[in-house]
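First up is the structure itself, then whatever we jot down about it.
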Amino acid sequence: MEMNSTQVEAIVKQVLSQLSGSAPAAASSAGSKEIPKTAHVAMLTALETVEVKEYPMPEVGDDDILVRVEGCGICGTDAHEYKRDPFGLIPVALGHEGTGEIVKMGKNVKKDSAGKDVKLGDKIVTCMIFKDNPDITMFDLNKQNVGGADVYGLLPDDDVHLNGWFADYILIRKGSTFFNVSDLDLDSRILIEPCAVLIHAVERAKSTGILKFNSRVVVQGCGPIGLICIAILRTMGIMNIIAVDGNAGRLEFAKRLGASDSVNFNDYNGVEAMAEGVNEKFGGHLADFAFQCTGSPAGHSNIYKFIRNGGGLCELGFFINGGDATINPHFDICSKEITTVGSWVYTLRDYATTFDFLKSAKAIGLPISELISDRYPLSQINEAYKKNLAMTGLKIAVFPD
Ligand SMILES: [Zn+2]
């Protein structure tokens, strides 16, 4: 049977909307929705206080892109800002794990940071902002991590105000890197940013030469970071993965995302017993490689006990200063000859790898969308933050009303 491209597109859209479990898109063409006169932005105006403010829709310059926001995840960084404002940004429009549809763009905007064409109606995500090097592409930037650059959602307020993804519109300006991700469903697009953190960590782990196809791997900590780590390892073809956590529900989900077994630390009396548990579950072996995904100093101290002589470790759990950890250099590092790498955020190139990971993970049936445990409308963003701070969900996401 022959089908024309419109029919194919209609079928693909229908299948994608069923897969993602979200409502079918109301309109895919930008022209069918009028751009309103004002935009709504969730401004953090004081500690633990977000007010949804209304601003005039800004002018779109020749190098700018106006995006209608479709959704944005809450990051640990957002929760820290909400609670304590460690970056001193208040008033600030937060939200950097966002995605949306191009509704207007300047005449100079032709391609994304991977060289892919962009047009009205395309779905995009943003990555870093390089004001001093606006023509940068992912191909220039193998090593430059986001740590030194700006991102939307962590910018000081200005007279445009549409600087964060917790809003119904955002204005992307010259010097920003962005990607056309129209071929990913909404849930996948919301998960791109946290997944890029783990793609980067796995690349760091691979640089040791120890992480291999048939490695035995321990992932300690089953919050979103550890769970995504497991899904990436599984998608790479690694089969022997033990998830370590104290929450039985999260350990069950870890198995559905690709862990072959789990160790609940509440079932063991002390770290030596836990290491014995790992050893048993790997059939008489310790781990070749371990990922430390908790922000707990005790987690860092313990992880060495799970790793075999000559094994490797990637530490990525400390996005903020969580205090000092105690180790025994003789037993934990020297005599075992452990190779350790640290990992910090991501590069532009990791973003491109992340898009492929998300497609592969879905293709092998991993329930990636279920990482988004809670969904809130923008008008209830304070409740969304409280849910995040209570740490009873996984990824919390906010959607324009
Ligand atoms: Zn983040």
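For the residues Asp157, Asp150, the requirement of being within 16 Å of the ligand (Cβ to nearest atom) and within 19 Å of Gly95 (Cβ to Cβ) singles out Asp150.
Each row is one residue, and each column tells you yes or no for (1) surrounded by 19 or more Cβ atoms within 10 Å (Cβ to Cβ); (2) of a type outside the set (Asp, Glu); (3) farther than 21 Å from Asp150 by Cβ.
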site: Ile320; (1), (2), (3): no, yes, no
site: Asp324; (1), (2), (3): no, no, yes
site: Ser335; (1), (2), (3): no, yes, yes
site: Asp350; (1), (2), (3): yes, no, no
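Being away from the ligand (no atom under 15 Å from the Cβ) and modelled with pLDDT under 95 is the filter; apply it to region 85-101 and report the residue that is surrounded by the most Cβ atoms within 10 Å (Cβ to Cβ). Filtering first and then ranking leaves Asp85. When Ile192 is tested against (1) within 16 Å of the ligand (Cβ to nearest atom); (2) among the hydrophobic types (A, V, I, L, M, F, W, C); (3) within 28 Å of Glu337 (Cα to Cα), just one condition goes unmet, and that condition is (3). The residue that is nearest to Ala259 (Cα to Cα), among those in region 343-401 that are touching a His at 6+ places or on another chain (Cβ under 7 Å) and assigned to a helix (DSSP H, G or I), is Asp350. Kindly check whether there is at least one residue in region 26-43 that is more than 15 Å from Asp168 (Cα to Cα) and at pLDDT 90 or above. Scanning region 26-43, I find no residue that is more than 15 Å from Asp168 (Cα to Cα) and at pLDDT 90 or above, so the answer is no. Quick check on Asn133: is it out of contact with any strand residue (DSSP E or B) (no Cβ under 8 Å at 6 or more places or on another chain), among the polar types (S, T, N, Q), farther than 23 Å from Asp85 by Cβ and modelled with pLDDT under 95? Considered against the rule, which asks whether it is out of contact with any strand residue (DSSP E or B) (no Cβ under 8 Å at 6 or more places or on another chain), among the polar types (S, T, N, Q), farther than 23 Å from Asp85 by Cβ and modelled with pLDDT under 95, Asn133 comes out as yes.
Within region 70-94, the set of residues being closer than 16 Å to Tyr152 by Cβ, in contact with a Ser or Thr (Cβ under 8 Å, 6 or more places away or on another chain) and either in a loop (DSSP other than H, G, I, E, B) or among the aliphatic types (A, V, I, L, M) (or both) comprises Pro91 only.
The values are calculated or read from the model by the stated rules, or taken from the named source; none is laboratory data. What you see is a predicted model; the values in this text were computed from it and never measured. Here Cβ is always computed from backbone atoms with ideal geometry, including for glycine, and neighbour counts include all displayed protein chains.
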